[in-house]
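Please treat every number below as a calculation from the coordinates, not as lab data. Owing to the predicted nature of the structure, the values given are computational and were not obtained by experimental measurement. Counting neighbours? That spans all protein chains shown, and the Cβs are built from the backbone with ideal geometry, glycine included.
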Amino acid sequence: EETNMMTRPDRIRIALVMVCLLGVSAANSDAKLEARQESLRGVQAIAVDISCSKDALDAGLTEEDAKTVEKQIEQAGIKVMPKQLWGKVPGRCRLKITVDVCRPSGLETFVCSVRLGFVQAVALERSPQTIVEATTWEITSLAHSPKNALAETVRKNLETMVDSFIKDCRSANSQPGEQSAAAASDTGTPVTVPSAPNGNSQPTEQKYVASTSSSVFHK
């Protein structure tokens, strides 16, 4: 009887809400990853290769900084293989980091360039039997700093760049529900953490990886 008493405007509003919900559902199901994100699908282990120019080494940077990158990646759940064994990783996947530093003439500041590229073995579309190495994901940053703060500036930029790689890697390898939660987090929408099965109001303990130079964090 209550259903029969529903007015026509009420029925129209309900119909509009249902259409909107169906539209959102369809949009989410059709959402696709970018090509560079898609290239990270199935990646379970990588090697890390970092190289610094002579000027970068003179500024206080060392290839030992790769260890902090490896730790950051492993904390995200991605296995890191020793550099000498990268050829045995499926797809020969490696994260190649290049750091260069220069000092423009007449300036007291130094300019540093950090390039982070994901290199892997791929097949040519026109000749699938031909396998070559290609950079399928890449990000570059430029910054300037006095020499005494240059090394720290590069390390912070590199940490943020690796965060971007981890984010895309997770997007490519997560389930649809996990992708929705990640998207909500990236846009600033609060993500509710489910409560414990016993109904305890205390939240369960979680581990997060954060960057001191960025507002981005990952569960």
Using θ = phi - 60° and Karplus 6.51 cos²θ - 1.76 cosθ + 1.60, couplings along region 73-85 (whole Hz; Gly, Pro as x): 5, 5, 5, 7, x, 9, 6, 10, 8, x, 4, 6, 10
Protection proxy ranking of 126-139, 90-103, 70-83 - average other beta-carbon atoms within 10 Å, highest first: 90-103, 70-83, 126-139
Additional length obtainable on full extension of the chain from C102 to E125, 0.36 nm per residue less Cα span: 4.4 nm
Neighbourhood net charge (12 Å Cβ-Cβ; Lys/Arg +1, Asp/Glu -1) for V162: -2
Entries of K96/K156; K54/K83; K67/K147; K32/K71 with Cα pairs more than 24 Å apart: K32/K71
